[in-house]
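Participant: Here it is, the structure in full.
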Amino acid sequence: MLPNSMSGVVLNGHGGPECLQWRDDLPLPDVRDGDILVRVQAVGVNNTDINTRTAWYSKGDAGEADAGWSGGALSFPRIQGADVCGHVVAVGAGVDPTRVGQRVLIEPCLREANGCTLETPWYLGSECDGGFAEYTTVASRHGYRIDSTLSDIELASFPCSYSTAENMLTRANVQATDSVMITGASGGVGSAAVQLAKIRGAHVIAVTSPAKSRELRDLGADVTVDRDADYIREVGVNSIDVVIDLVAGPKWPSLLELLSSGGRYAVAGAIGGPLVELDVRTLYLKDLSFFGCTVLEPEVFGRLVKYIEDEQLQPLVAHTYPLSEIAAAQSMFQSKTHIGKIVMSVAAPDRG
């Protein structure tokens, strides 16, 4: 039997952690036709949730009217949380009832919601409620059954970061013959990209701090480069086939100098700063291809689940917190002192 209410964290507006409120009286989400109701066991911390909370995605001219993940305004209150591992506890009309009891990972980039195919995909926890609560709903197609010996905490480290990384590698068509440079390699997406690029057989150069170099080599990086170093001197002009960039910032122009003729540049983050200087001559004279990577390609999440089930990926859980300590978890995340993911457990209270 399901309870009438649930506990969770709601976002009441854009701003700092004070905008996050713990509540014990949230209604259970409605289960529409085609939906599954998921009892959330664990949920990851990631940049997307923090960027959404702080209105980082807004370009500024429109106030906060473009602060949602898909370029629209966010509605409040909102339950965030894009990295979800849980169990199916109920299904809507049209969904196979044998799905009840399955452990699932939720694909965070949604092409279907509220019974409709979306023209512009939504992101879990941005355009619709996500996993910072005991229960969440999602279209059945976005809840992927997972058969793994890993814990719920470990599995919750995968959905957002690893699907973003795999999508970047897919869009850039990374092959075994490629040399790939990954910026921000110690973060959730970066460390995922190191592992996923090695699965493809690529030669991986990871940009990180010296303190994290050894751990990234243990993950599979062939070479590490100090993030404060002169990339051109360390790596060499025209020596890289693909750049997987999560940083941007002041050193961005040098990334294009590293790329060889016909090189590919894929980006899904800008933690070093979103505004960069581009010499267009570099772009066209070197025949470079640019890939902005947000919406997941259809095959990406299913491939990721297969990698996990085949034990080809190593979960990297740096710290765990209870969901009620979300402010501390996000503060730890923003300190950037860890490698991998911070994950929160979502324990059900005793309802008697």
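Participant: Applying the selection to the stretch 311-330, what residues are modelled with pLDDT of 90 or more, open to solvent by 70 Å² or more (accessible area, probe 1.4 Å) and among the polar types (S, T, N, Q)?
Facilitator: 312, 320, 324
Participant: So is residue 110 part of a strand (DSSP E or B) and farther than 11 Å from residue 139 by Cα or not? Write out each step before concluding.
Facilitator: Numbers: part of a strand (DSSP E or B): yes; farther than 11 Å from residue 139 by Cα: no.
No.
Participant: Among the residues of the stretch 184-211, count how many are open to solvent by less than 10 Å² (accessible area, probe 1.4 Å) and either free of Cβ contacts under 8 Å to residues at least 24 places away in the same chain or not small (Gly, Ala, Ser) (or both). Break it down stepwise before answering.
Facilitator: First, the residues of the stretch 184-211 that are open to solvent by less than 10 Å² (accessible area, probe 1.4 Å): 185, 190-194, 196-197, 202, 204, 206-208.
With the extra rule that they be either free of Cβ contacts under 8 Å to residues at least 24 places away in the same chain or not small (Gly, Ala, Ser) (or both), the set shrinks to 194, 196, 204, 207-208.
Summing the residues that are open to solvent by less than 10 Å² (accessible area, probe 1.4 Å) and either free of Cβ contacts under 8 Å to residues at least 24 places away in the same chain or not small (Gly, Ala, Ser) (or both) in the stretch 184-211 gives 5.
Participant: Please go through (1) touching a Cys at 6+ places or on another chain (Cβ under 8 Å); (2) without any contact (Cβ under 8 Å) to a residue 40 or more places away in the chain for residue 226 and return the number of the only condition it doesn't satisfy.
Facilitator: Status for residue 226: all satisfied but (1).
Participant: I'm trying to understand the selection: among the residues of the stretch 71-112, which are more than 26 Å from residue 306 (Cα to Cα), open to solvent by less than 50 Å² (accessible area, probe 1.4 Å) and either in contact with a Cys (Cβ under 7 Å, 6 or more places away or on another chain) or without any contact (Cβ under 8 Å) to a residue 60 or more places away in the chain (or both)?
Facilitator: Within the stretch 71-112, 71, 72 qualify.
Participant: Continuing with the same structure: Does residue 271 qualify as being open to solvent by 40 Å² or more (accessible area, probe 1.4 Å), within 24 Å of the chain's Cα centre (by Cα) and touching a residue at least 60 places away in the same chain (Cβ under 8 Å)?
Facilitator: The answer is yes for residue 271.
Participant: Just one of 227, 233, 214, 281 is closer than 17 Å to residue 194 by Cβ, surrounded by fewer than 14 Cβ atoms within 10 Å (Cβ to Cβ) and over 19 Å from the mean Cα position of the chain (by Cα); which is it? Give the derivation first.
Facilitator: Values: 227 fails: surrounded by fewer than 14 Cβ atoms within 10 Å (Cβ to Cβ); 233 fails: closer than 17 Å to residue 194 by Cβ; 281 fails: closer than 17 Å to residue 194 by Cβ.
214 is the lone residue from the list that is closer than 17 Å to residue 194 by Cβ, surrounded by fewer than 14 Cβ atoms within 10 Å (Cβ to Cβ) and over 19 Å from the mean Cα position of the chain (by Cα).
The values are calculated or read from the model by the stated rules, or taken from the named source; none is laboratory data. As the structure is a computational prediction, the values presented were derived from the model and not from experiment. Here the Cβ is made from the backbone with ideal geometry for all residues, glycine too, and neighbour counts use every protein chain on show. Ligands, DNA and RNA are excluded from the accessible area calculation, which covers all protein heavy atoms including side chains. Shrake-Rupley method; radii C 1.70, N 1.55, O 1.52, S 1.80 Å.
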